[in-house]
1. Is the shape of the range 136-177 rounded, prolate or oblate, going by the alpha carbon gyration tensor and its root eigenvalues a ≥ b ≥ c, with a/c under 1.5 for rounded and a/b larger than b/c for prolate?
2. Just the accessible area per residue of the chain, please: how many Å² with a 1.4 Å probe?
3. For the cross-link pairs LYS134/LYS261; LYS201/LYS285; LYS154/LYS336; LYS29/LYS104; LYS219/LYS285; LYS134/LYS334, which exceed 31 Å when the distance is taken from alpha carbon to alpha carbon?
4. Taking only the Cα atoms of the range 1-98, how large is their convex hull per residue, in Å³?
5. In the range 179-327, if every C-alpha pair distance is counted and binned at 5 Å from zero, what percent goes to each bin?
6. In what sequence, largest accessible area first, do LYS19, LYS219, LYS153, LYS250 appear using a 1.4 Å probe?
7. For a quick check of understanding: with a 1.4 angstrom probe and all protein chains in place, what accessible area in square angstrom does GLU227 have, to the nearest ten?
8. Counting only protein chains, not ligands or nucleic acids, how are TYR220, TYR101 ordered by accessible area (probe 1.4 Å), most first?
Amino acid sequence: MKQILVLSDNDLERHVTEKILLSGLDEVKILSAAGTEQALDILKREKTDLFIADIPKFNLARCNMISSVQKLVPETPILVLSSGEQEHVSQNIWRLGIRDYLLKPCRPTWIIAAVKSLLGKSAQRPAEEQPEEKRKEHYANSLAGYLRSFQYKKCIQTTREYLDVLYRDEDNIETIRSEVVDFAAGMVELSAPFGQPTQWKLSNCLEHFRIRFDRQGRKYESYLTLEKMLDILFESLEGSNFYEVESGQKILNYIDRNLRKGLSLDDAAEYANMSSCYFSKFFKKMTGQNYIAYITDGKVELAKQMLLDTDLPVINISYELSYGETNYFSKAFKRKVGVTPTEFRESGKRAGVQSGVR
(Lines give C-alpha, C1' and ligand atoms only; values in the text may rest on other atoms or scores of the structure.)
Protein backbone atom coordinates (compact mmCIF):
# COMPACT_ATOMS: atom_id res chain seq x y z
CA MET A 1 0.00 0.00 0.00
CA LYS A 2 1.28 3.43 -1.00
CA GLN A 3 1.43 6.19 1.60
CA ILE A 4 0.78 9.79 0.56
CA LEU A 5 1.38 12.72 2.88
CA VAL A 6 -0.83 15.77 2.29
CA LEU A 7 0.25 19.06 3.85
CA SER A 8 -2.07 22.06 4.03
CA ASP A 9 -2.67 24.58 6.78
CA ASN A 10 -6.24 24.97 5.50
CA ASP A 11 -8.40 22.18 6.96
CA LEU A 12 -11.01 22.36 4.20
CA GLU A 13 -8.46 22.31 1.36
CA ARG A 14 -6.66 19.40 2.98
CA HIS A 15 -9.91 17.45 3.42
CA VAL A 16 -10.90 18.05 -0.23
CA THR A 17 -7.50 16.85 -1.50
CA GLU A 18 -7.66 13.74 0.67
CA LYS A 19 -11.18 12.96 -0.57
CA ILE A 20 -10.06 13.30 -4.22
CA LEU A 21 -7.15 10.92 -3.64
CA LEU A 22 -9.20 8.29 -1.85
CA SER A 23 -11.92 8.34 -4.49
CA GLY A 24 -9.53 8.08 -7.44
CA LEU A 25 -6.82 5.73 -6.18
CA ASP A 26 -6.74 2.15 -4.94
CA GLU A 27 -4.64 0.82 -2.09
CA VAL A 28 -3.38 4.12 -0.74
CA LYS A 29 -3.12 5.44 2.78
CA ILE A 30 -3.41 9.19 3.25
CA LEU A 31 -1.30 10.83 5.95
CA SER A 32 -2.30 14.34 6.96
CA ALA A 33 -0.30 17.32 8.22
CA ALA A 34 -1.58 20.78 9.15
CA GLY A 35 1.84 22.40 9.39
CA THR A 36 5.55 22.07 8.65
CA GLU A 37 6.57 20.61 12.01
CA GLN A 38 3.91 17.92 11.82
CA ALA A 39 4.83 17.08 8.21
CA LEU A 40 8.52 16.71 9.00
CA ASP A 41 7.74 14.56 12.03
CA ILE A 42 5.62 12.22 9.89
CA LEU A 43 8.32 12.01 7.21
CA LYS A 44 10.85 10.99 9.87
CA ARG A 45 8.59 8.23 11.22
CA GLU A 46 6.75 6.94 8.14
CA LYS A 47 7.86 5.64 4.76
CA THR A 48 6.18 8.08 2.38
CA ASP A 49 5.81 7.41 -1.34
CA LEU A 50 4.60 10.92 -2.25
CA PHE A 51 4.49 14.31 -0.56
CA ILE A 52 1.75 16.72 -1.65
CA ALA A 53 2.17 20.31 -0.48
CA ASP A 54 -0.74 22.73 -0.80
CA ILE A 55 0.95 26.15 -0.96
CA PRO A 56 -1.46 29.04 -1.55
CA LYS A 57 1.39 31.53 -1.96
CA PHE A 58 5.15 31.07 -1.94
CA ASN A 59 7.25 32.93 0.62
CA LEU A 60 10.57 32.28 2.36
CA ALA A 61 8.99 30.03 5.00
CA ARG A 62 7.30 27.88 2.33
CA CYS A 63 10.52 27.58 0.32
CA ASN A 64 12.45 26.62 3.45
CA MET A 65 9.83 23.99 4.21
CA ILE A 66 10.21 22.39 0.79
CA SER A 67 14.01 22.49 1.11
CA SER A 68 13.78 20.75 4.50
CA VAL A 69 11.63 18.00 2.99
CA GLN A 70 14.06 17.55 0.09
CA LYS A 71 16.98 17.14 2.49
CA LEU A 72 15.09 14.80 4.82
CA VAL A 73 13.64 12.47 2.14
CA PRO A 74 15.50 13.19 -1.13
CA GLU A 75 14.00 10.15 -2.90
CA THR A 76 10.36 11.07 -2.16
CA PRO A 77 8.58 12.77 -5.09
CA ILE A 78 6.96 16.15 -4.36
CA LEU A 79 3.78 17.51 -5.94
CA VAL A 80 2.93 21.16 -5.26
CA LEU A 81 -0.61 22.53 -5.50
CA SER A 82 -0.77 26.31 -5.54
CA SER A 83 -3.28 29.07 -6.19
CA GLY A 84 -0.61 31.71 -6.77
CA GLU A 85 0.22 33.53 -9.99
CA GLN A 86 1.83 31.18 -12.53
CA GLU A 87 4.93 33.31 -13.06
CA HIS A 88 5.59 33.58 -9.32
CA VAL A 89 4.89 29.89 -8.73
CA SER A 90 7.03 28.68 -11.65
CA GLN A 91 9.99 30.81 -10.51
CA ASN A 92 9.94 29.32 -7.02
CA ILE A 93 9.31 25.80 -8.29
CA TRP A 94 12.30 26.12 -10.61
CA ARG A 95 14.61 27.43 -7.89
CA LEU A 96 13.62 24.56 -5.61
CA GLY A 97 14.26 22.00 -8.33
CA ILE A 98 10.69 20.66 -8.36
CA ARG A 99 9.31 19.45 -11.67
CA ASP A 100 5.71 18.68 -10.74
CA TYR A 101 3.10 21.26 -9.78
CA LEU A 102 -0.52 22.11 -10.50
CA LEU A 103 -2.13 25.54 -10.40
CA LYS A 104 -5.47 25.72 -8.62
CA PRO A 105 -8.28 25.54 -9.31
CA CYS A 106 -7.60 22.26 -11.11
CA ARG A 107 -9.77 19.31 -11.93
CA PRO A 108 -9.66 16.25 -9.66
CA THR A 109 -8.73 14.15 -12.69
CA TRP A 110 -5.58 16.24 -13.14
CA ILE A 111 -4.54 15.63 -9.55
CA ILE A 112 -5.16 11.89 -9.85
CA ALA A 113 -3.22 11.71 -13.12
CA ALA A 114 -0.25 13.56 -11.62
CA VAL A 115 -0.26 11.39 -8.50
CA LYS A 116 -0.45 8.15 -10.51
CA SER A 117 2.46 9.28 -12.65
CA LEU A 118 4.63 10.16 -9.65
CA LEU A 119 3.76 6.96 -7.78
CA GLY A 120 4.57 5.00 -10.94
CA LYS A 121 7.97 6.64 -11.23
CA SER A 122 8.65 5.90 -7.59
CA ALA A 123 7.76 2.22 -8.05
CA GLN A 124 9.97 1.93 -11.14
CA ARG A 125 13.05 3.28 -9.38
CA PRO A 126 15.62 0.45 -9.26
CA ALA A 127 16.82 -0.69 -5.85
CA GLU A 128 20.42 -0.21 -6.91
CA GLU A 129 21.34 2.06 -9.80
CA GLN A 130 24.16 1.26 -12.16
CA PRO A 131 27.42 3.18 -11.52
CA GLU A 132 27.00 5.23 -14.71
CA GLU A 133 23.48 6.26 -13.67
CA LYS A 134 24.74 7.35 -10.27
CA ARG A 135 27.53 9.33 -11.91
CA LYS A 136 25.25 11.11 -14.35
CA GLU A 137 22.59 11.82 -11.73
CA HIS A 138 25.15 13.18 -9.26
CA TYR A 139 26.61 15.67 -11.71
CA ALA A 140 23.24 16.55 -13.26
CA ASN A 141 21.85 17.38 -9.81
CA SER A 142 24.93 19.45 -8.96
CA LEU A 143 24.63 21.33 -12.24
CA ALA A 144 20.94 22.03 -11.67
CA GLY A 145 21.67 23.32 -8.17
CA TYR A 146 24.37 25.72 -9.35
CA LEU A 147 22.15 26.88 -12.20
CA ARG A 148 19.35 27.68 -9.76
CA SER A 149 21.79 29.67 -7.63
CA PHE A 150 23.05 31.48 -10.79
CA GLN A 151 26.70 30.40 -10.45
CA TYR A 152 28.06 30.11 -13.97
CA LYS A 153 31.61 29.27 -12.92
CA LYS A 154 30.41 26.40 -10.73
CA CYS A 155 28.28 25.12 -13.62
CA ILE A 156 31.32 25.11 -15.90
CA GLN A 157 33.53 23.43 -13.30
CA THR A 158 30.89 20.76 -12.68
CA THR A 159 30.59 20.10 -16.42
CA ARG A 160 34.35 19.75 -16.82
CA GLU A 161 34.62 17.43 -13.83
CA TYR A 162 31.76 15.27 -15.12
CA LEU A 163 33.41 14.85 -18.52
CA ASP A 164 36.80 14.16 -16.93
CA VAL A 165 35.28 11.35 -14.85
CA LEU A 166 33.19 9.97 -17.72
CA TYR A 167 36.02 9.80 -20.25
CA ARG A 168 38.45 8.49 -17.63
CA ASP A 169 36.22 5.69 -16.36
CA GLU A 170 34.63 4.54 -19.63
CA ASP A 171 36.38 2.75 -22.47
CA ASN A 172 33.27 1.99 -24.52
CA ILE A 173 32.72 4.87 -26.92
CA GLU A 174 29.04 4.00 -27.36
CA THR A 175 28.50 4.26 -23.59
CA ILE A 176 30.20 7.65 -23.58
CA ARG A 177 28.12 8.88 -26.50
CA SER A 178 24.87 7.74 -24.94
CA GLU A 179 25.62 9.22 -21.53
CA VAL A 180 26.91 12.58 -22.68
CA VAL A 181 23.89 13.02 -24.97
CA ASP A 182 21.58 12.15 -22.06
CA PHE A 183 23.41 14.71 -19.91
CA ALA A 184 22.91 17.36 -22.59
CA ALA A 185 19.23 16.40 -22.88
CA GLY A 186 18.91 17.02 -19.14
CA MET A 187 20.13 20.57 -19.73
CA VAL A 188 17.34 21.06 -22.24
CA GLU A 189 14.83 19.95 -19.58
CA LEU A 190 16.22 22.56 -17.18
CA SER A 191 15.15 25.27 -19.64
CA ALA A 192 11.44 24.46 -19.37
CA PRO A 193 10.54 27.57 -17.31
CA PHE A 194 12.32 29.96 -19.70
CA GLY A 195 9.93 29.66 -22.61
CA GLN A 196 9.97 28.13 -26.08
CA PRO A 197 12.65 30.30 -27.73
CA THR A 198 15.25 29.11 -25.22
CA GLN A 199 14.07 25.51 -25.47
CA TRP A 200 14.26 25.66 -29.27
CA LYS A 201 17.83 26.97 -29.17
CA LEU A 202 18.91 24.26 -26.77
CA SER A 203 17.03 21.52 -28.61
CA ASN A 204 18.66 22.59 -31.88
CA CYS A 205 22.07 22.54 -30.21
CA LEU A 206 21.35 19.08 -28.79
CA GLU A 207 20.20 17.72 -32.13
CA HIS A 208 23.36 18.88 -33.90
CA PHE A 209 25.39 17.29 -31.13
CA ARG A 210 23.39 14.05 -31.24
CA ILE A 211 24.05 13.45 -34.95
CA ARG A 212 27.75 14.38 -34.82
CA PHE A 213 29.31 11.20 -33.49
CA ASP A 214 32.82 12.58 -33.91
CA ARG A 215 32.04 15.34 -31.38
CA GLN A 216 30.78 12.93 -28.75
CA GLY A 217 33.91 10.84 -29.13
CA ARG A 218 36.21 13.71 -28.20
CA LYS A 219 36.02 15.13 -24.71
CA TYR A 220 36.81 18.72 -25.62
CA GLU A 221 34.22 18.77 -28.39
CA SER A 222 31.64 17.51 -25.92
CA TYR A 223 32.69 20.19 -23.46
CA LEU A 224 32.30 22.96 -26.05
CA THR A 225 28.74 21.83 -26.78
CA LEU A 226 27.78 21.73 -23.10
CA GLU A 227 29.46 25.11 -22.54
CA LYS A 228 27.44 26.58 -25.43
CA MET A 229 24.24 25.20 -23.91
CA LEU A 230 25.10 26.73 -20.54
CA ASP A 231 25.71 30.07 -22.23
CA ILE A 232 22.26 29.86 -23.83
CA LEU A 233 20.72 29.14 -20.42
CA PHE A 234 22.50 32.03 -18.71
CA GLU A 235 21.77 34.40 -21.57
CA SER A 236 18.11 33.54 -21.18
CA LEU A 237 18.35 33.89 -17.41
CA GLU A 238 19.83 37.36 -17.65
CA GLY A 239 16.86 38.60 -19.62
CA SER A 240 14.26 36.93 -17.42
CA ASN A 241 12.54 37.57 -14.12
CA PHE A 242 14.24 34.46 -12.71
CA TYR A 243 17.59 36.21 -12.49
CA GLU A 244 17.30 37.53 -8.95
CA VAL A 245 20.95 37.62 -7.94
CA GLU A 246 23.07 40.19 -6.18
CA SER A 247 25.11 42.44 -8.48
CA GLY A 248 28.49 40.93 -7.60
CA GLN A 249 27.50 37.44 -8.73
CA LYS A 250 25.91 38.83 -11.87
CA ILE A 251 29.13 40.64 -12.76
CA LEU A 252 31.22 37.51 -12.14
CA ASN A 253 28.91 35.49 -14.37
CA TYR A 254 29.37 38.03 -17.16
CA ILE A 255 33.16 37.95 -16.82
CA ASP A 256 33.36 34.15 -16.62
CA ARG A 257 31.15 33.80 -19.69
CA ASN A 258 33.46 36.06 -21.68
CA LEU A 259 36.90 34.83 -20.60
CA ARG A 260 37.89 33.81 -24.11
CA LYS A 261 37.08 37.24 -25.53
CA GLY A 262 39.83 39.19 -23.80
CA LEU A 263 37.41 41.22 -21.68
CA SER A 264 39.26 44.32 -20.49
CA LEU A 265 38.86 46.05 -17.13
CA ASP A 266 37.08 48.90 -18.90
CA ASP A 267 34.66 46.45 -20.58
CA ALA A 268 33.79 44.82 -17.26
CA ALA A 269 33.45 48.21 -15.55
CA GLU A 270 31.09 49.39 -18.27
CA TYR A 271 28.93 46.29 -17.80
CA ALA A 272 28.87 46.94 -14.05
CA ASN A 273 27.99 50.58 -14.70
CA MET A 274 31.00 51.76 -12.66
CA SER A 275 34.09 53.79 -13.35
CA SER A 276 37.18 51.67 -14.04
CA CYS A 277 38.89 52.93 -10.87
CA TYR A 278 35.91 52.16 -8.63
CA PHE A 279 35.28 48.80 -10.31
CA SER A 280 38.91 47.74 -9.77
CA LYS A 281 38.55 48.31 -6.02
CA PHE A 282 35.09 46.74 -5.96
CA PHE A 283 36.36 43.63 -7.76
CA LYS A 284 39.38 43.23 -5.45
CA LYS A 285 37.14 43.47 -2.40
CA MET A 286 34.65 40.99 -3.86
CA THR A 287 37.11 38.30 -5.02
CA GLY A 288 40.32 38.93 -3.11
CA GLN A 289 42.14 39.20 -6.47
CA ASN A 290 42.87 42.03 -8.81
CA TYR A 291 41.04 41.86 -12.12
CA ILE A 292 44.01 40.89 -14.30
CA ALA A 293 45.00 38.03 -11.97
CA TYR A 294 41.43 36.69 -11.99
CA ILE A 295 41.24 36.78 -15.80
CA THR A 296 44.67 35.18 -16.15
CA ASP A 297 43.79 32.37 -13.74
CA GLY A 298 40.62 31.65 -15.71
CA LYS A 299 42.45 31.63 -19.04
CA VAL A 300 45.18 29.36 -17.69
CA GLU A 301 42.56 26.81 -16.62
CA LEU A 302 41.08 26.90 -20.11
CA ALA A 303 44.55 26.56 -21.60
CA LYS A 304 45.30 23.50 -19.44
CA GLN A 305 42.11 21.88 -20.66
CA MET A 306 42.95 22.52 -24.32
CA LEU A 307 46.56 21.38 -23.89
CA LEU A 308 45.50 18.06 -22.38
CA ASP A 309 42.33 17.35 -24.34
CA THR A 310 43.18 18.60 -27.85
CA ASP A 311 46.05 18.54 -30.33
CA LEU A 312 45.74 22.27 -31.00
CA PRO A 313 49.13 23.98 -31.43
CA VAL A 314 50.09 26.35 -28.64
CA ILE A 315 49.79 29.32 -31.02
CA ASN A 316 46.15 28.40 -31.76
CA ILE A 317 45.37 28.10 -28.06
CA SER A 318 46.95 31.49 -27.52
CA TYR A 319 44.72 33.10 -30.15
CA GLU A 320 41.69 31.19 -28.87
CA LEU A 321 42.19 32.92 -25.52
CA SER A 322 42.66 36.36 -27.12
CA TYR A 323 46.38 36.65 -26.45
CA GLY A 324 47.90 38.83 -29.15
CA GLU A 325 51.32 37.17 -28.91
CA THR A 326 52.15 33.54 -28.22
CA ASN A 327 55.24 34.50 -26.23
CA TYR A 328 53.16 36.61 -23.87
CA PHE A 329 50.73 33.72 -23.40
CA SER A 330 53.59 31.28 -22.70
CA LYS A 331 55.15 33.62 -20.13
CA ALA A 332 51.79 34.17 -18.37
CA PHE A 333 51.18 30.42 -18.33
CA LYS A 334 54.63 29.64 -16.92
CA ARG A 335 54.24 32.27 -14.18
CA LYS A 336 51.06 30.55 -13.02
CA VAL A 337 51.92 26.87 -13.61
CA GLY A 338 55.71 26.78 -13.34
CA VAL A 339 56.27 25.24 -16.78
CA THR A 340 55.65 26.33 -20.36
CA PRO A 341 52.50 25.20 -22.20
CA THR A 342 54.54 22.72 -24.26
CA GLU A 343 56.17 21.25 -21.16
CA PHE A 344 52.79 20.98 -19.47
CA ARG A 345 51.35 19.07 -22.45
CA GLU A 346 54.32 16.72 -22.61
CA SER A 347 54.18 15.97 -18.89
CA GLY A 348 50.47 15.30 -19.25
CA LYS A 349 51.09 12.78 -21.99
CA ARG A 350 53.76 11.04 -19.92
CA ALA A 351 51.42 10.81 -16.96
CA GLY A 352 48.69 9.38 -19.17
CA VAL A 353 46.15 12.07 -18.28
CA GLN A 354 45.32 12.81 -21.89
CA SER A 355 42.73 10.03 -21.92
CA GLY A 356 40.06 12.41 -23.21
CA VAL A 357 41.71 12.75 -26.63
CA ARG A 358 40.22 9.94 -28.71
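The values are calculated or read from the model by the stated rules, or taken from the named source; none is laboratory data. Keep in mind that what you see is a predicted model, and the values were worked out from it rather than measured. With ligands, DNA and RNA removed, areas are computed over all heavy atoms of the protein, side chains included. Shrake-Rupley method; radii C 1.70, N 1.55, O 1.52, S 1.80 Å.
1. On the way: a/c = 3.52, a/b = 2.40, b/c = 1.47.
The shape class here is prolate.
2. Details: 18750 Å² over 358 residues.
Dividing the accessible area of the chain by its residue count gives 52 Å².
3. Values: LYS134/LYS261 36 Å; LYS201/LYS285 37 Å; LYS154/LYS336 21 Å; LYS29/LYS104 23 Å; LYS219/LYS285 36 Å; LYS134/LYS334 38 Å.
Table pairs above 31 Å Cα-Cα are LYS134/LYS261; LYS201/LYS285; LYS219/LYS285; LYS134/LYS334.
4. Working: hull volume 8.9 nm³, N = 98.
Residue-normalised Cα hull volume stands at 91 Å³.
5. 2, 8, 16, 16, 17, 17, 14, 8, 2, 0
6. Details: LYS19 140, LYS219 15, LYS153 90, LYS250 65 Å².
The ranking, largest first, comes out as LYS19, LYS153, LYS250, LYS219.
7. 30 Å²
8. Working: TYR220 20, TYR101 65 Å².
Of TYR220, TYR101, the descending order of accessible area is TYR101, TYR220.
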